[in-house]
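The values are calculated or read from the model by the stated rules, or taken from the named source; none is laboratory data. Since we're looking at a predicted model, the values are computed, not measured. All Cβ positions, even for glycine, are placed from backbone atoms using ideal geometry, and neighbour counts span all protein chains on display. Keep in mind that these areas ignore ligands, DNA and RNA; they rest on the heavy atoms of the full protein, side chains included. Shrake-Rupley method; radii C 1.70, N 1.55, O 1.52, S 1.80 Å.
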Amino acid sequence: MMASRSPAEAMADECRVEFAAAFEAFDPRPKIVVDYDQCVLWCCDDAPRLLDGPMPLCIRKGKLIVDDDELRSEFVEFLHNVGPDVQRKLIRGKAKRHWAVLRAWKPAHWDRAVCVLASPSLPLRDIVACGLAAELKLTNAEIRVLKEFAELNSPKQIARDLGVSLSTVRSHLKQIHAKASVTTSLQLLRLTHTFCSG
C-alpha cells in the first residue's frame, strides 16, 4: 500500500515545477545538445543569435564551433570526456577579450550526445531592453558608454568607438558607478551581467 503524500510534499513538488518553468522561460543562456562530432542535435531558439559576433563559440552550418584553431581539439576532447556530472570548460576567443563558460553533462541514457549550457562574457540582453538603463536612470550618453563597457571595452576603446574624449568616458563611468551604487568596475560588470542575463 502506498503512503499518501503530505500537503507539504505536494506543495514542494508544485514549487519545483514552477521554478523549473520560470528558469526555462527567463534564463536566456544558450542551451544546446551536440553529438561528439559537434553537430547540433537541438538548441534553444536564441542560441544561434547569442553565440555569434565576438563570441569564441558559435553555431555555423549546424555545428557548434570554437573560433580558435588551437582550442578546437581541446573542445572536442572535452565533449568526448563529459560524464553524467556537470563539468565546466572556459573557451576564450582569439583576442582573449570574450569568453564562454560551458557547463556540460551527458545523460546516462544518451549515446554520444552532450547537453551544453553556455554563459557568454557579453550580456545576453541589451541594457535598455532588460530595463537596467531605466532602473539606473541613465542618460543616452551613459547608456552608450555602459553598452560598450559591458562588452569589456576599455575606456580608451570606448572613447575611440564613440568619438569622444577619454575624460568624457571616465566622467560618464563615474556617474554610472554612482547611480548603480558600486565602487569598482568589477562590481559594475557583475551588476550589468547579472541584470542582463535573466
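Label zone of ALA178 (point 7 Å out along Cα→Cβ, amide N under 20 Å): in the stretch 118-144 this covers 133-144. Of the Cα atoms belonging to the stretch 66-172, the radius of gyration and Dmax stand at 18.8, 58 Å. With R₀ set to 22 Å, the beta-carbon distance separating VAL76 from ARG97 gives a calculated FRET efficiency near 0.40. Could you list log10 I(q)/I(0) for the stretch 1-112 at q = 0.13 Å⁻¹, which the Debye formula gives when each Cα is one point scatterer? Taken in order of the listed q values, log10 I(q)/I(0) reads -0.60. For the stretch 88-189, the number of Lys pairs separated by eight or more positions or lying on different chains, with C-alpha atoms closer than 21 Å, is 11. Report the FRET efficiency, 1/(1 + (r/R0)^6), for SER119 and ARG5, where r is their Cβ-Cβ distance and R0 is 41 Å, rounded to 0.05. The pair SER119/ARG5 has a calculated efficiency of 0.70. Legend: residues ASP27, ASP46, sorted from most to least accessible area (1.4 Å probe; ligands, DNA and RNA excluded), read ASP46, ASP27.
Specify whether the C-alpha gyration tensor of the stretch 109-163 places it in the rounded, prolate or oblate class, a ≥ b ≥ c being the square roots of the eigenvalues: rounded for a/c under 1.5, otherwise prolate if a/b is larger than b/c and oblate if not. In terms of gyration-tensor shape, oblate.
Binning the alpha carbon pair distances of the stretch 20-85 at 10 angstrom intervals from zero yields the distribution 19, 48, 29, 3, expressed in whole percent.
The alpha-carbon positions of the chain define a convex hull whose volume is 162 Å³ per residue. Protein-only accessible surface at a 1.4 angstrom probe places the residues LYS174, LYS89 in the order LYS174, LYS89, largest first. Beyond 21 Å, what percent of the Cα pairs of the stretch 118-198 remain? Taking all Cα-Cα pairs of the stretch 118-198, the fraction more than 21 Å apart is 20 percent. When the surface is traced with a 1.4 Å probe over the full set of protein chains, GLU24 keeps roughly 100 Å² accessible. The figure for VAL182 is an accessible area of roughly 20 square angstrom, using a 1.4 Å probe on the protein chains alone. Placing unit charges on each Cβ (+1 for Lys and Arg, -1 for Asp and Glu) gives the chain a dipole about its Cα centre, and among THR168, THR183, LEU102 the Cα reaching farthest toward its positive end belongs to THR168. At the residue level, LYS147 shows approximately 80 square angstrom of accessible surface with a 1.4 angstrom probe and all protein chains present.
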